[in-house]
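Trainee: Below you will find the structure I want to go over with you.
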C-alpha cells in the first residue's frame, strides 16, 4: 500500500506535517494519524508531542496577532466580529474553562485565541492554560484514532488490517483536491461579489 510506504520512508517528514497541520488546525488529521500509530507506522507519543506543540504554538501566535493587530484586523474583516464577540462573551463567563475547552467548540474555535488576545488576559496566564489545553486536545484526538483503530481491528479482524491507512489515504486525497479547488480562479461568467 502506497500510504504505508510513504509513512515508513518519510516518517520524520510526516511528523513535520503533523506539527505544521496542527499549528493551523487539524483534529481530523490527528485522528487519522492515531489510526496509523495503531498500525505501528507512527510513534504515538511522538505524534501526541508534535500535535501538542503545533497546537500550542499556533494558538500562541493567534493570541499575539489578536493582541497586536486585533482591532485593525476587525476593521478590515468585519465578518469576524460576531465570532470574536461570541468568544469574548464565553471567555468572560467561563474564563479558565473556556480556554481549556475552546478547541472542542465548533463555531468559535477558529477565532478564540485571536479573541483572547484582544481581551485583558495576560500572556503568561494564557500560555499556561493554553499549554494544558493543547495537551488535552492532542492526547484526546490522537488517542481517539489509536483506540478507534483498536476497536476496528477487534470488530473486523483481518479485514481491518490497513483499513485505517486506506481512510488516511482517502482523507489526504480529499484535502489535496479541496486545496486545488480553492486555488482555482472563479469562472469568468459568474457574477462576482463586491470586494470588501
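The values are calculated or read from the model by the stated rules, or taken from the named source; none is laboratory data. Fair warning: this is a prediction, and the values are worked out from it, not measured in the lab. Cβ placement follows ideal geometry from the backbone for every residue including glycine, while neighbour counts extend to all protein chains displayed.
Trainee: Within the stretch 85-94, can one find any residue that is under 28 Å from residue 147 (Cα atoms) and either surrounded by 18 or more Cβ atoms within 10 Å (Cβ to Cβ) or in contact with a strand residue (DSSP E or B) (Cβ under 6 Å, 6 or more places away or on another chain) (or both)?
Mentor: The answer is no; no qualifying residue exists.
Trainee: Considering 29, 104, 77, which residue is surrounded by 19 or more Cβ atoms within 10 Å (Cβ to Cβ) and either farther than 17 Å from residue 141 by Cβ or at pLDDT below 95 (or both)?
Mentor: 29
Trainee: Which is over 15 Å from the mean Cα position of the chain (by Cα) and either surrounded by fewer than 21 Cβ atoms within 10 Å (Cβ to Cβ) or modelled with pLDDT under 95 (or both), of 46, 16?
Mentor: 46
Trainee: If you check residue 62 against the conditions, is it under 18 Å from the mean Cα position of the chain (by Cα), modelled with pLDDT of 90 or more and closer than 24 Å to residue 107 by Cα? Give the steps one after another, and end with the answer.
Mentor: Values: under 18 Å from the mean Cα position of the chain (by Cα): yes; modelled with pLDDT of 90 or more: yes; closer than 24 Å to residue 107 by Cα: yes.
The answer is yes for residue 62.
Trainee: Does any residue in the stretch 77-93 that is within 15 Å of residue 106 (Cα to Cα) come within less than 8 Å, Cβ to Cβ, of a residue that is loosely packed, with under 13 Cβ neighbours inside 10 Å six or more places away or on a different chain, and which pairs are these?
Mentor: Correct list of pairs: 83/107; 86/107.
Trainee: Among the residues of the stretch 107-121, what is the count of those that are modelled with pLDDT of 90 or more, surrounded by fewer than 16 Cβ atoms within 10 Å (Cβ to Cβ) and under 23 Å from residue 141 (Cα atoms)?
Mentor: Applying the first criterion (modelled with pLDDT of 90 or more) to the stretch 107-121 yields 111-121.
Subset that is surrounded by fewer than 16 Cβ atoms within 10 Å (Cβ to Cβ): 120.
Then drop every residue that is not under 23 Å from residue 141 (Cα atoms), which leaves none.
Qualifying residue count, the stretch 107-121: 0.
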